[in-house]
Structure formats: C-alpha cells, structure tokens
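The numbers here are math on the coordinates, done by the rules we state, and not lab data. Just so it is clear, the model here is predicted, and its values are computed rather than measured. Reconstructed Cβ throughout: ideal geometry from the backbone, glycine too, with neighbour counts over all protein chains shown.
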Amino acid sequence: MTSPYEVPASKEQFAELLPATRRALLHRLAVGQNAGRAPSMVGAVMREGRMVWAEGYGAVDGQVPGADTQYRIGSLTKTFVAVLVLRLRDEGLIDLDDPLGKHLDTPEGGDATIAQLLAHTSGLAAEARGPWWERTDGALRPELADIFGERPQRHPVGRTHHYSNPGFALLGALVERLRGDDWGTVLRREVLEPLGMDRTTLGPEAPHAAGWAVHPWADVLLPEPAVNTGRMAPAGELWSTAADLCRFAAFLLNGDAPNGDSQNGDSQNGDSPNSAGRVLSEQSLAEMRVPAVGPQDPEWVRGYGLGVQVTRQNGRILFGHCGSMPGFVSALWISPDEALAGVALANLTNGFEVAGLASDLVSTVAEHEPRIPAPWRPLDEADPELLELTGPWYWGATPFALRLGAERGLELSPVAGGGRGARFRAEADGTWTGLDGYYAGETLRAVRTPAGALSHLDLGTFVFTREPYEPGDAVPGGVDKGGWR
C-alpha cells in the first residue's frame, strides 16, 4: 500500500548549476589546460543522471572543443569491456570464479579466473611484447599468442595487483568467443546503443581532436600516431565524448533506467539483463566498484574493483577510470554519495593534470552546491518480524544498533564509535549478506528458540545478544553464573 506521506521527488529543480559554480568549474578547467599545456581540454559534470555542465578550452582545428568533440579515452575502454564480461555472468554463461581457460583457448592466462583478470590480479605482464603497442599497428600481433613476450607471467596468479593490458585483451577475446562476434560490434549492440552513446566508437569520427605530444622545454607540438591496435584494442582503443561519458557515468551509478533513475525490478544476478530491459544488473554494477584486492579497512586510499579504479580523495569515495594513449588522456570519476561525476579529456601525451581535474570538478560542485537529499519517506512495508530485529544489540559488552532499511535491508552500527559496522542485503532464505567492510560477504542470521522467540543474531559466528553478555546458552563459552560484579 502506498504511504499517505509519499511526496513526488523532483530532480529538475536542482538540475541547473548556479552561476558561481559554473564560473568555478570554468576557472578550474582553464587552469588545468594552461598549467598542463594541453592543446585542448574538455570538462563535464554529470549530476543526478544528466550532464549539467560542459566546457572546452583551447582549440581543435581552430575551434573551441565541446561536449560532442571526440577524444581517445585509452584505458577507460577497460570499464566498457568489464560491462560486457559481467553481462555474460548475469546471463549465466560464465562464473567470475571460472578459470579463463574453461572458456577460451589461450596460450597464457588460462589459469587466472575471470575475476582476477578484471581486477588485474592475474599476474600477467603489464604490456604486450614487441615494439610499443600503443604506437604500432595491431597487425604486428595478429593472434593472442603474439601479445605475450618471453616471460608473460610476472607474478603468481591471485597474489598481487599488477596492472595488465594483455589481461584485458584476453577478456575481449572471451567476449568474442562467447558472443560469436567481434567485441566492438558486441559493445555497440549491447551497451552503446541501449545507452544512447552514439559518439563512442572504435575509430575517430568528426568532430574529433588530433593527438599531440608537447615538448617538455618548449611550447611546440609533435603529432602522435593513432593506430588500430588489433588484439590489444580492448585495453584502450575507444574514442568518446564528454557527453557520452556523462551518459556512461549515469549508467554506472544508476543503471540504465529512464531519466537516470535506478530501477527496482526483480532482476537478480543470474537473470538475463535483456529480460528486464537492462544493460547490467544492479548487483553487478555495485560489485564492480568494490575493491577486489587489498585490506577492507576504513582507511584505504586506492583500490581496483572489476574493471574500475576506486579511490578516496578529500574525504569522498570515487570510482571510475583514467586512460591514456599517445596524444590523449582521459579521466572519469564518480561520487556515488553525491550522485556526481566529473569528466576530463585532453589531447596531449603526458597529461597528469587530467585525473586531478576530473576529481576536482566533482569536489567543486559538491562544495558549492551540496547535494539536497531526497525527502524522507517511511518504508513500504512494516513486517513485525523485521521490526523485532531492530534496536540495540551487544557483541559481548560492546553496544551496536541495528536499523531496518528499504527492501528489507539492515544496517549494523557501533553505538560508541568502536567496532565494525556494515550494511546487509536481504536474501530469499531469510538471511542477510554483508555488503561492505569486515563483514562483506558474511551471513547474518536471526536465531530463534524452538518456541519461535528471538534469541540472538549470528554474524559469521559472532553472537549478538539483547543484553551485554546475556545469560543463557547463546554466547559461546557461556556466561559466568555469578553475573556482573
């Protein structure tokens, strides 16, 4: 039943940026283009599912570039390939824990799982063999075996994070093997067309920027080649625009629902995205931005999920990807908490300024115009058994609070600041699965007595009771019969 307190949400009233914000963004872009000595630079901001600002600085063919000017985006291509791979998983064609060799006849990398390839923990070499692959034609490496040198495996599989461009060449080949078509065609059909990204292509289409190298000690330019890299293309071949990347950012944040709103349908992992009209399931999108390597501690600074980079900057968590190819640099950073994304594109080879520019665009909007939260609304249902779970719980003598959220989700928080908290997703069997922190992937169960009364919570064998060290048989090891003294 619809709540009598439900109020329609309106994003349109907050869509346009204030003049002071727009000037601050333009100033940051101008400083970036000038200090970075970029022939041209484009910046854009996505907020609440739509592009709300885009400007160019410098010149492309004598004109100021704009949101529709194409730039080569380099390794941002990897995030698109990751979406294609996760679609295969959503459709049940692969499991992320499958070794690549189960699905693809490959000379190297077959022992690594698909998840390890997505997260760059396969141990494969960083670069392809032979001359600099980003500046040489892909015809030099016609087969998969041609992308590997004498020592293709640089680290044990799964042991460490080691960025691997050949690893994503293998993932592109996996897509081709299971779809029966080249990965670019599959990308166009399954991702770009559904998302309305008609300016994202494998080769440049006018209007587009030319790639340049800038002399380190003089303000002069040298043209860079823009070659077709063949088998290595899934590692960095795509061209795109600021407008298209804002559409992609909205998809990565909210899914492919109309107007940027996330859909709350019944699609789950294992269901075909096409059956629900989706490019990718919500759970897969969320899984992409969970750091796959490194400790899950609250102070982490950077990590890598499934085809996306994750970083913490200025107190906010961002996910996205940076990219570079000879003559081009790109960056896309998304703040899920603020529904913001920053895009930066430039046509020079050594553009270290671009990654910082994209994140600064996010910070600028967030600081000038803090996100206005959606109206509070009561839950759609009030299940008495779920309400019974809420309130104070104690792990030993440490107090926690359990709150009920939307879609039967739970959130466990330490009351006094110490201890581990987490959010939990409801499962069909009546349990909950941890979504973050120490309890990510762990199972939370509400344990009841034979008579049906609520006894305690079991969280990965940790027991939570209603009273500190509550007497009875719930606490492992028992509780001293003399009680507190």
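Quick look at the numbers
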item	result
Between 0 and 90°, nearest 10: helix 165-179 axis offset from the chain longest Cα axis	80
Efficiency of FRET between GLU150 and PHE352 - r from beta-carbon atoms, R0 45 angstrom, step 0.05	0.90
Simple label model, 7 Å out from Cα along Cβ direction - ASP219 to ARG448, nm	7.6
Using θ = phi - 60° and Karplus 6.51 cos²θ - 1.76 cosθ + 1.60, couplings along region 449-457 (whole Hz; Gly, Pro as x)	6, x, 7, x, 6, 5, 9, 6, 9
Rg [Å, one decimal], Dmax [Å, integer] - region 384-464, C-alpha atoms	11.8, 35
Separation of the GLU205 and GLU388 label points, Cα + 7 Å toward Cβ, nm	5.9
Point-to-point label distance, THR431-PHE462, nm (Cα→Cβ direction, 7 Å offset)	1.7
ALA416-GLN283 FRET efficiency (beta carbon distance; Förster radius 25 Å; 0.05 resolution)	0.15
Karplus-derived HN-Hα couplings along region 31-39 (A = 6.51, B = -1.76, C = 1.60, θ = phi - 60°), whole Hz, x at Gly and Pro	4, x, 5, 6, 5, x, 6, 8, x
Phi-based couplings in Hz for region 394-400 (Karplus 6.51, -1.76, 1.60; Gly and Pro marked x)	10, 9, x, 10, 9, x, 10
Alpha-carbon centroids, region 79-144 and region 181-203: separation in whole Å	19
Folded to 0 to 90 degrees: helix 353-368 orientation relative to the chain principal axis, Cα	50
Contour minus Cα-Cα distance for ARG50 and ALA30 (0.36 nm per residue)	4.9 nm
